[in-house]
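Chemist: Let me give you the structure first, and then I'll get to my questions.
Here, each number is a calculation from the coordinates, and none is a lab measurement. Everything numeric in this text was worked out from a predicted model, so none of it was measured. Positions of Cβ are generated from backbone atoms using ideal geometry, with glycine treated the same way; all protein chains shown enter the neighbour counts.
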Amino acid sequence: MIGSRPTSYQHMNRLSLTFTITLTLVNSLLSGSAPGATPNFIVIFCDDLGYGDLACYGSTKNRTPQIDSLARDGRKFTDFYSSSPVCTPSRSSLMTGCYPRRVGMHEDYTGHWVLIPRSRRGLNPEEVTVAEALKQKGYSTACIGKWHLGDQPPHLPTQHGFDSYYGIPYSNDMQSKGRGDPPLPLVANETVIEAPADQSTLTRRYTEEAVKFIEANKEKPFFLYLPHTFPHLPLFASPDFKDKSANGRYGDSVEEIDWSTGEILKCLDRLKLAENTLVIFTSDNGSNGRNGGSNKPLAGAKGSTMEGGMRVPFLARWPGKIPAGTTCSALSTMMDILPTLCALSGASLPGKEIDGHDIRNLFLSTEEPRSPTEVLYYYRRRQLQAVRWGDWKLHLDLKQTHPNWASSKQTGKARKGKLVKLTNDLQEKTDLSAENPDVMAQFEQLVAHAVATLGNDAQQGSEQRSAHTLETSLPMRMRK
């Protein structure tokens, strides 16, 4: 499996024993749940929220007391990663537990790096999503917000394990007349109910729908996936939040998401569900670094494989299970959500190969736990650009092998690789490759393994699976 440590390490047995002991303690904690109690799961997923955009991660511009309460009452992760620096691929990883290239969702069939309106591509129905896995254990499931894994009927959330869907099917800036995009649709299940969607009220309406779903399913286990539209551009906020922050429209949208989080937490308290509900808060990728967004203290931004493009805030709260006010610096990724929720619920893992790991120990351990994730591959579109192993990160030598491989500032330019140590170089400036030949040799093996199994650029990997691509497609429009 991708991400497993090479067997050349002599301390493997000692680490495995430590991991086994930790996992035993975790299972002991879980066995203390009330008889018959099955945990509820809420995943709050922001769009383009940066690593430095929350007060609990150092922001002095945005007021986020409700989100910060998740850190105060739960655990803050410092080294949690998306699988991609852009929308569609990262969401495919959350749903499937896989690198985007494994499931063919690293780019649109047209070559665009995310799915566009009326795309013929979408998540393959043969892939098992986290919602489908949980439904096997009797969970009620809802997706409320931005989907971005296909807007054609076979690709919508209701075809991938969600009992209901309410939201926009792709990014809120996708209304290009020149490309033939329809007005931005707001969808209920599979029907367009508003076009163009009133973006100023989206966060409020998502929140109302989320509360309704929790109330309707308070007597049985539920999985709520709440992928917010913001703070992706263009920025909007309702009248109660517009022009109220000290960080412009960006701060307005972030502070409304904070309010939304508070409403959900209050609902759990009111229904006495808090102690049986794991709440996760994270983002699909880093901020673009403009318009008020921040990835400090990381270098880089959305769209890049620098840390600021893929390392994101991640908070987890589960009263009585996750130790309050704690921090975890172990490496973890978006792909870990599916196997972890399966483990916590008793649901079966997909029968196909996945890349994520069960990280219950990272949630529940009272001591600094060891991560089961040894290696992270940083893909940008179809190209492998960097690898993290432990605290080391190797930026690969890059050549222009695809018309749009680089960011707009780098188009047409090659990039010389370098080896950095993230523990003391979050700006990724100092090249340590010459002084560490053994580390470079290990990275050579890791890169070869990724290229062979997941592929790189036009080279197909032996373990890649295809997305679902239709022969034709139609724009989503309101019925007349």
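Chemist: For the chain, return all DSSP H helices satisfying: extent of Cα atoms along own axis at least 20 Å; mean Kyte-Doolittle hydropathy at least 0.0. Write down the numbers at each step before the final one.
Modeler: Working: long enough: 12-30 (27 Å, 1.07); 202-216 (21 Å, -0.48); 248-270 (33 Å, -0.71); 437-453 (24 Å, 0.52).
Qualifying helices: 12-30, 437-453.
Chemist: How would you rank 420-432, 387-399, highest first, on the average number of other Cβ atoms within 10 Å across their residues? If you can, show how the numbers build up before the last one.
Modeler: On the way: 420-432: 14.6, 387-399: 18.3.
Sorting 420-432, 387-399 by mean packing, highest first, produces 387-399, 420-432.
Chemist: How far is the Cα center of the range 234-263 from the Cα center of the range 73-87, in Å?
Modeler: Between the Cα centres of the range 234-263 and the range 73-87 lies a distance of 22 Å.
Chemist: Between the alpha-carbon centers of the range 180-215 and the range 273-323, tell me the distance in whole angstrom.
Modeler: 24
Chemist: Taking Cα pairs under 8 Å and at least six residues apart, what relative contact order does the chain come out at, in percent?
Modeler: Working: 1091 pairs, mean separation 117.5, N = 480.
The value is 24 percent.
Chemist: For the chain, what does the alpha-carbon gyration tensor say about shape, rounded, prolate or oblate, given a ≥ b ≥ c as the root eigenvalues, a/c under 1.5 as rounded, and a/b over b/c as prolate? Walk me through the intermediate numbers first.
Modeler: Details: a/c = 1.37, a/b = 1.11, b/c = 1.23.
It is rounded, given that a/c, with a ≥ b ≥ c, falls under 1.5.
Chemist: What does the helix-only formula give at 222 nm for the chain: each DSSP H stretch with n ≥ 4 adding -39500 (n - 2.57), the total divided by the residues, and the result rounded to the nearest 500 deg cm²/dmol? Show your work: numbers first, answer last.
Modeler: Working: 10 runs with 117 residues, N = 480.
Helices in the chain give a 222 nm mean residue ellipticity of -7500 deg cm²/dmol.
Chemist: With the cut-off at 27 Å, tell me which of the pairs Lys61/Lys218; Lys146/Lys177; Lys137/Lys218; Lys146/Lys218 have Cα atoms farther apart than that.
Modeler: On the way: Lys61/Lys218 36 Å; Lys146/Lys177 21 Å; Lys137/Lys218 16 Å; Lys146/Lys218 24 Å.
Too far apart for the 27 Å limit: Lys61/Lys218.
Chemist: Lys418: which lysines have alpha carbons under 20 Å from its alpha carbon, excluding same-chain residues fewer than 8 sequence positions away?
Modeler: Cross-link targets: Lys393, Lys399, Lys409, Lys429.
Chemist: Return Cys342, Cys267 ranked ascending by Cβ neighbour count within 10 Å, so the fewest neighbours appear first.
Modeler: On the way: Cys342 23, Cys267 20.
Taking fewest neighbouring Cβ atoms as first place, the list is Cys267, Cys342.
Chemist: Looking at Gly293, Leu364, Leu341, which one has the Cα that reaches farthest to the positive end of the dipole of the range 281-397 (charges on Cβ: Lys, Arg +1; Asp, Glu -1)?
Modeler: Gly293
Chemist: Using Cα pairs under 8 angstrom and six or more residues apart, how large is the relative contact order of the range 261-361, in percent?
Modeler: Working: 111 pairs, mean separation 20.5, N = 101.
Once divided by the residue count of the range 261-361, the mean separation gives 20 percent.
Chemist: Could I ask something else about it? Quick check on the exposure proxy: order Phe443, Phe80 from fewest to most C-beta atoms within 10 angstrom. Please list the in-between numbers first.
Modeler: On the way: Phe443 23, Phe80 26.
By the 10 Å Cβ count, ascending: Phe443, Phe80.
Chemist: How big is the dipole moment of the range 37-364 about its Cα centre under a simple scheme where the beta carbon of each Lys and Arg is +1, that of each Asp and Glu is -1, and everything else is neutral? Debye, nearest 20, please. Don't jump to the answer; show the numbers that get you there.
Modeler: On the way: 35 positive and 37 negative charges, 66 e Å.
Dipole of the range 37-364, to the nearest 20 debye: 320 debye.
Chemist: So in the chain, what percent of DSSP beta bridges are antiparallel if you round to the nearest 5?
Modeler: Numbers: 32 of 56 bridges.
Restricted to the chain, the bridges split so that about 55 percent are antiparallel.
Chemist: Now for a different question. So, counting K/R as plus one and D/E as minus one, what does the shell of residues with Cβ under 13 Å around Ile322 add up to?
Modeler: Here the charged neighbours net out to +4.
Chemist: Considering the dipole of the chain built from charges on the beta carbon (Lys and Arg +1, Asp and Glu -1) around the Cα centre, which of Gly351, Thr277, Ala55 is farthest to its positive end?
Modeler: The residue sitting most towards the positive pole is Ala55.
Chemist: Applying the Karplus parametrisation 6.51 cos²θ - 1.76 cosθ + 1.60 with θ = phi - 60° to the phi angles of the range 379-389, what ³J(HN,Hα) value in whole Hz is obtained for each residue in order, glycine and proline being reported as x?
Modeler: Running phi through 6.51 cos²θ - 1.76 cosθ + 1.60 with θ = phi - 60° gives 9, 10, 6, 9, 10, 6, 10, 7, 9, 10, 9 Hz.
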